[in-house]
Every structure is written in C-alpha cells, then in structure tokens.
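Visitor: One structure is given below, represented as structure tokens, and several questions about it will come after.
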Amino acid sequence: MENLENKNLQEGEMTKEIEEKTAQLPSKVFLCAAITAMIGATALKCVGHKHSALFVGQWVAPFLLFGIYNKIVKTQGHDQQDNKNA
C-alpha cells in the first residue's frame with residue numbers, strides 16, 4: 001500500500017479565522033452550555049416532553065467537543081507549517 005501522506009498540508013483561511021475567533025472564547029462558555037443543556041433536558045423530561053428532552057440532551061456532547069477544540073486551539077494554535085511561515 002502506498003503512502004498517501006501530503007507533507008505540504010496547510011489550513012485554509014476560513015479555518016484560521018474560526019480558530020482565531022474560538023480562541024477568544026473562554027473554555028468555561030462551552031462547559032456552561034453543556035451543563036445548561038443537561039439541566040434543560042432534565043427539566044423537559046420532568047414536565048413530560050420526552051422527545052424535546054432527548055433533542056436538547058444530545059447537545060451536551062457537541063458543546064463538550066467544542067470546548068475540547070477550543071482548548072486545543074489555544075494550546076496548539078495553527079498547524080506547524082503555518083507557524084514556521086509566520
């Protein structure tokens with residue numbers, strides 16, 4: 001099997017802009033959003049809105065993943081190729 005690795009990969013301009021904007025947000029924002037979604041889902045379940053509770057409850061994982069992405073962007077920045085060119 002041949003090696004298909006591209007050593008000249010660079011991030012697009014849109015990705016750089018997204019990283020710059022998300023790096024400005026505190027990680028606490030995403031944690032609070034996830035906790036709020038958990039509380040909201042629980043409240044919806046308690047008042048009998050089963051399907052809405054499931055829908056809102058599924059937001060928790062993406063919010064936590066956004067928080068992880070945010071932390072990675074803050075600690076690692078853009079890819080190494082772009083950092084060398086700056």
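Visitor: For HIS51 paired with LEU25, estimate the spin-label separation in nm (one decimal), with each label point 7 Å from Cα along the Cα-to-Cβ line.
Guide: 2.9
Visitor: From the cross-link list LYS16/LYS74; LYS16/LYS71; LYS50/LYS71, which pairs have alpha carbons spaced over 23 Å apart? Display every interim value, and only then the final one.
Guide: On the way: LYS16/LYS74 12 Å; LYS16/LYS71 15 Å; LYS50/LYS71 33 Å.
Beyond 23 Å between Cα atoms: LYS50/LYS71.
Visitor: Please list, by residue number, every one of the GluC sites (Glu not before Pro) in segment 11-44 that is coil in DSSP and has at most 16 other beta-carbon atoms within 10 Å. Present the calculation step by step, with values, prior to reporting the outcome.
Guide: Numbers: sites: GLU11, GLU13, GLU17, GLU19, GLU20; in loops: GLU11.
Passing sites in segment 11-44 are GLU11.
None of the figures in this text is laboratory data; all of them are computed from the coordinates on show. It should be emphasised that the depicted structure is a prediction, and the values quoted were computed from it without experimental measurement. Every residue, glycine among them, receives a Cβ derived from its backbone with ideal geometry; neighbour counts consider all protein chains shown.
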